[in-house]
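Following: one structure in structure tokens, then a few remarks.
The values are calculated or read from the model by the stated rules, or taken from the named source; none is laboratory data. Small disclaimer: the values here were computed from a predicted structure and weren't measured. Cβ coordinates were reconstructed from backbone atoms using ideal geometry, including for glycine residues, and neighbour counts include every protein chain displayed. Calculation scope for accessible area: heavy atoms of the full protein, side chains included, ligands and nucleic acids excluded. Shrake-Rupley method; radii C 1.70, N 1.55, O 1.52, S 1.80 Å.
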Amino acid sequence: MGAIHQTAPWRHVVEHFDRLCDADLIDLFQSDGDRVPGLSVKAAGVHADFSKNRIDRAALDALCDAAEAHGLADARRAMFEGAPINATEGRSVLHVALRADGYRRIEVDGEDVMPAVQAEREKMAGLVSALRDGTWTGFSGQPIRDVVNIGIGGSDLGPRMVTAALAPFHSGPLSVHFVANLDGADLAPKLARLDPATTVFIVASKSFTTMETLTNANTARRWIAEAGGEGAVSRHFIALSANPSATGEFGIDEANRLTFWDWVGGRFSLWSVIGMPIALAVGNEHFDALLAGARAMDEHFETAPLAENLPVLMALLGIWYRHFFERPTHAVLPYDERLELLPNYLQQAEMESNGKGVDMDGEAVSMDTASVLWGGVGTNAQHAFFQMLHQGTHWVPADFIAAINPHHDLAEHHEGLLANCLAQTAALMIGDREVDDPHRFFPGNRPSTTFLVDALTPATLGALIAAYEHKIFCMGQAWGINSFDQFGVQLGKTLAKRVQPALRAGNGSELDPSTAELITAIARRRREH
């Protein structure tokens, strides 16, 4: 697909952009008394106020028409029906199946995948119950007290983020820990604090070949074997993988192996058995509620008209700012301490999905694609980078996320938190333009979207995450790119396999001059120490 503005369905959008590119948000509110209800959507427990964006309903409707003309509704239907929309790898994209009701039939290559999904859910629930109720014991006969999830990327970020976000729902005797980084500074201090007799490791890797994960897993395996013997490995490891033969070679008992499928992308996998750490922390019932919340957003996304569809509108505003306004970044600003990891999670979800330079036909895209997604938790972020958001030379579209009711009794704190959240969105829009001192001048007219949930629960969190997942899909469709492969992560890994032996030998002569010199410097400093 060529540049968006050069294609017929988008020319009408260009007309609206030309009309609105210099418009002031204050004027847009004054000219439309129904702006707030007309630009607000409620779905699956999430209330989205799009009214503080530099757009109006007519322009948004034009974007919807363009998306419809480019086949968004058909692509959405194809995804839910199990078509191989990940064309470069010939795979279906069915994270929606992971949270679908069991009665729904979803086919891949003519086979209904839901019985297998249900079977793995039930197997995981059984293992979760055994660990939480103490019937699972380690090599010493003691119940398990700590579970360590070893994974990276999608096998870490999603479960880690959700587990942290649902802290008020944690129950039971287990403490859940996460290890991702290849850096031994991640794993070593955890091993120093834990007791091998009461610790179980979850090794989460779709391929079961990921170097970082297997390095950490092998170190954990040696730790267990040294304490309890080789026979202890089967009682202290669980595998979450699409490669059962590799998990068996590692020594993990078949009863402790959970499966997911190649139609589950890693960054969309927390709904699968990859979410086991979440279930261990909050229990099976709350994990089911997380799936139910996502399922409710799926149903809205699948059935709502584009003009009233919350994830679709999120995506179209993303296109509006990225392509038409040429905004290179997007900020996610949760006003909830428990969502501190949400920007990190969404970085992978969006930038790994849509950070592509070629379209579905392998042709170079002629427009910029994924935004650089970043952010931080309010109110901390107000004392870090909000200076730039308010008075910097370039403005940044931003999402503000807040829960109306807290899970604590400090009402004054939460009232202040909500006040700051709402005040910041108002300040970005209105600014302070009447002052004579240029240092105190706020230009305003800086857009934001506000997302509210009644409370941050498993269900509302599931719905919110699913909304962002569908936003990513819709943006990829508009750009004509494949949001579901990630070949860009491979080259560095491949080169690392050449660099590591050179580091070990202290000789990088077969590598590029810079890397070779760095290896020489490292070898020299090692000898000196």
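Computed values, structure above
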| read-out | value |
| --- | --- |
| For TRP261, solvent-accessible area (1.4 Å; no DNA, RNA or ligand), Å² | 50 Å² |
| Quarter of Cα convex hull surface for the stretch 236-363, i.e. mean projection, nm² | 11.8 nm² |
| Acute angle (nearest 10 degrees) that the helix 411-430 long axis makes with the longest principal axis of the chain, alpha-carbon atoms | 50 degrees |
| Angle in degrees between helix 211-228 and the longest Cα principal axis of the chain, rounded to the nearest 10 | 40 degrees |
| Structure-derived Cα Rg over 2.2 N^0.38 Å: which label, when the choices are [x] 1.18; [y] 1.44; [z] 1.03 | [z] |
| List ASP22, ASP437, ASP183, ordered by accessible area with a 1.4 Å probe, largest first | ASP22, ASP183, ASP437 |
| Leading residue at positive end of dipole, the chain (Cβ point charges), from VAL14, SER40, ALA116 | ALA116 |
| Beta bridge orientation in the stretch 371-529: antiparallel %, DSSP, nearest 5 | 10 percent |
| Shape metrics for the stretch 309-388, restricted to C-alpha atoms - Rg then Dmax, Å | 14.4, 45 |
| Listed residues PRO447, VAL377, PRO173: farthest to the positive end of the dipole of the chain (Cβ charges) | PRO173 |
| Principal-axis tilt of helix 490-505 within the chain, Cα atoms, nearest 10 degrees | 40 degrees |
| Three-way shape label, the stretch 271-427, alpha-carbon gyration tensor, a/c 1.5 | oblate |
| Heavy atoms of LEU491 accessible to a 1.4 Å probe, total area in Å² rounded to 10 | 120 Å² |
| Rounded if a/c under 1.5, otherwise prolate or oblate - the stretch 123-273, Cα gyration tensor axes | rounded |
| Cα centroid separation - the stretch 284-330 against the stretch 403-422, whole Å | 25 Å |
| Relative contact order [Cα under 8 Å, 6+ residues apart], the chain, whole percent | 19 percent |
| Normalised contact order of the stretch 347-440, rounded percent, pairs of Cα under 8 Å and 6 or more residues apart | 22 percent |
| Label-point separation in nm, GLU249 to GLU337, each point 7 Å along Cα→Cβ | 4.6 nm |
| Residue order for THR393, THR449 - accessible surface, 1.4 angstrom probe, largest first | THR393, THR449 |
| Highest to lowest packing among 145-151, 12-18, scored as the average C-beta count within 10 Å | 145-151, 12-18 |
| Apportionment of accessible area to carbon and sulfur, the stretch 6-79, percent (1.4 Å) | 49 percent |
| 23 Å Cα-Cα threshold exceeded, pairs from LYS123/LYS471; LYS52/LYS356; LYS123/LYS206; LYS356/LYS471; LYS190/LYS497 | LYS123/LYS471; LYS52/LYS356; LYS190/LYS497 |
